[in-house]
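This report concerns only the one structure given below.
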């Protein structure tokens, strides 16, 4: 998946700019690439679901559908239905915000799509320059003609790759961040083992109006970072900076940002990757403000895992009183939270671990039964412990080594939630075999439960409430210097750790 984001400042009132953009059938009057446009079925131009059919100057024809439009938020989104180019899954959005100082408008235009690998650069350039930058210039020209006088506009377009925030724009500061700075980050130059995690200096790009700059104090390490490093997940395209979880302090705020100030303590646990760095820029809607009772260490060590535990236990499978829950890798960071939270929800918790030392940790957290799977057949043990009933749900982040056993350990109409593969891919399975118990198998993707501020906020609130109520606790994490990220990954992959791992920048 490729993500492209362009932004600019239009020197005109926001209502004037929005009046142009909200007309879903009006782009032929300002965009230079479009020769003709019409709404199919004579639907209103602002009707969600309406389809516009338009022809380009080069003869190509396209169809796009309006997905959402909000006059209150001055935002609209649309998707591509038909096109002569392979922009598969193309979804785009326009958003306007008033600039804090002056009567100008901040305009962001972003999209995501799946291009063929061999045409990726070509299509990204087309969208960036041929659609977005050309559109910015055309709207300025239209407003200039309407006003009868020249306009001076400031633009700061930038592609935001899905993989590396190191190449994304940094914020416009209200203080002193008006020029590029140098910072340290862990960079993956190519997919591979932990040795590919190298500390590098790089220049932070010039600021963008709608972002904040964060100085990281603590950075979370998660198994999804391993998947990014190896290329199993396409969240990172080398060269890129991994990491999706961190806590820190806001150092600078862009002029189009409201609700955040310099000095605010914040955290995040979401794409885009780029957390393995001393400083980075982020869109403010992705940030969580930290209260005094949540430390930076707790947030960085537990936010991503807590959010994941929230949707795994409440959304993917709603655990209820009386359920029998099987949790693999229970001594790990997310496993510990699942054990505590599932017990609180009234479930009987059966946990698996790889050693007696880890078993003692999980017992202290409240697991009803602990199985050392390096010594015992856990599927047989589950059946024995449940009198042949089996588990209602199995949470399995191990993958290849445990998948078959997890299926065998399930009850009739049981649910296998496969949310990781630390031991490797699970391989190919004939789903017909699942009919013997009417088994359900899920493979949840973290991003699909956190890709809007509303979705993320639900899980963050639930996680913080569980912390404050003592339902769960985040154990003191294992610390590594940022420069030692490779060692942290080795320890994580070799299962030499329990609980959470964090990186600490020296700066």
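The condition (being surrounded by fewer than 20 Cβ atoms within 10 Å (Cβ to Cβ), more than 16 Å from residue 108 (Cα to Cα) and touching a residue at least 24 places away in the same chain (Cβ under 8 Å)) is satisfied by just one residue among 46, 23: 46.
Scanning the range 317-339 for residues that are over 22 Å from residue 224 (Cα atoms) and touching a residue at least 60 places away in the same chain (Cβ under 8 Å) turns up 319, 323, 324, 325. Within the range 239-256, the set of residues being buried (at least 22 other Cβ atoms within 10 Å of the Cβ) and under 22 Å from residue 294 (Cβ atoms) comprises 243, 244, 245, 246, 247, 248, 250, 253. When 174, 154 are screened for being in the same structural domain as residue 274 (by TED's automatic domain parsing), surrounded by fewer than 21 Cβ atoms within 10 Å (Cβ to Cβ) and at pLDDT below 50, only 174 passes.
The residue list 242, 255, 238 contains one member that is part of a loop (DSSP other than H, G, I, E, B), closer than 14 Å to residue 501 by Cβ and in contact (Cβ under 8 Å) with a residue 24 or more places away in the chain, which is 242.
Listed by position, the strands (runs of 3 or more DSSP E) contained in the range 53-139 that have at least 2 residues being more than 24 Å from the chain's Cα centre (by Cα) are 61-70, 75-82. Within the range 204-235, if we keep just the residues that are at pLDDT below 90 and in a strand (DSSP E or B), the residue that is nearest to residue 257 (Cα to Cα) turns out to be 208.
Among the strands (runs of 3 or more DSSP E) contained in the range 355-466, which hold 2 or more residues that are surrounded by 12 or more Cβ atoms within 10 Å (Cβ to Cβ) and free of Cβ contacts under 8 Å to residues at least 24 places away in the same chain? So that I can check it myself, show each step before the final result.
Numbers: elements: 369-372, 391-396, 410-418, 440-442.
Result: 369-372.
Taking the range 258-272 as the search range and keeping residues that are assigned to a loop (DSSP other than H, G, I, E, B) and touching a residue at least 40 places away in the same chain (Cβ under 8 Å), which one is surrounded by the fewest Cβ atoms within 10 Å (Cβ to Cβ)? Outline the logic, then answer.
Let us first name the residues in the range 258-272 that are assigned to a loop (DSSP other than H, G, I, E, B), namely 258-264, 270-272.
Add one more test, that the residue is touching a residue at least 40 places away in the same chain (Cβ under 8 Å), and what stays is 258, 260, 262, 270-272.
Numbers: 258: 12, 260: 15, 262: 15, 270: 25, 271: 22, 272: 23.
Among them, the one singled out is 258.
When you look at residue 276, is it crowded, with 24+ Cβ neighbours inside 10 Å, under 29 Å from residue 497 (Cα atoms) and more than 13 Å from the chain's Cα centre (by Cα), yes or no? Yes: the conditions hold for residue 276.
Results for (1) crowded, with 19+ Cβ neighbours inside 10 Å; (2) at pLDDT 90 or above; (3) closer than 14 Å to residue 135 by Cβ, shown as yes or no for each residue.
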{"site": "19", "(1), (2), (3)": "no, yes, no"}
{"site": "32", "(1), (2), (3)": "no, no, yes"}
{"site": "50", "(1), (2), (3)": "yes, yes, no"}
{"site": "54", "(1), (2), (3)": "yes, yes, yes"}
{"site": "75", "(1), (2), (3)": "no, yes, no"}
{"site": "78", "(1), (2), (3)": "yes, yes, yes"}
{"site": "93", "(1), (2), (3)": "no, yes, yes"}
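Please work out if residue 330 is over 17 Å from residue 465 (Cα atoms) and touching a helix residue (DSSP H, G or I) at 6+ places or on another chain (Cβ under 7 Å).
Values: over 17 Å from residue 465 (Cα atoms): yes; touching a helix residue (DSSP H, G or I) at 6+ places or on another chain (Cβ under 7 Å): yes.
Yes.
Take residue 287 and decide whether it is outside the structural domain of residue 9 (by TED's automatic domain parsing), touching a residue at least 40 places away in the same chain (Cβ under 8 Å), surrounded by fewer than 24 Cβ atoms within 10 Å (Cβ to Cβ) and within 20 Å of residue 185 (Cβ to Cβ). Yes: the conditions hold for residue 287. Taken over the range 318-350, the criterion of being farther than 16 Å from residue 416 by Cβ and assigned to a strand (DSSP E or B) is satisfied by 332, 348, 349. In the set (1) within 27 Å of residue 197 (Cβ to Cβ); (2) outside any strand (DSSP E or B); (3) at pLDDT 95 or above, the condition left unmet by residue 497 is number (3).
The values are calculated or read from the model by the stated rules, or taken from the named source; none is laboratory data. This is a predicted model, so every value here is computed, not measured. Cβ coordinates were reconstructed from backbone atoms using ideal geometry, including for glycine residues, and neighbour counts include every protein chain displayed.
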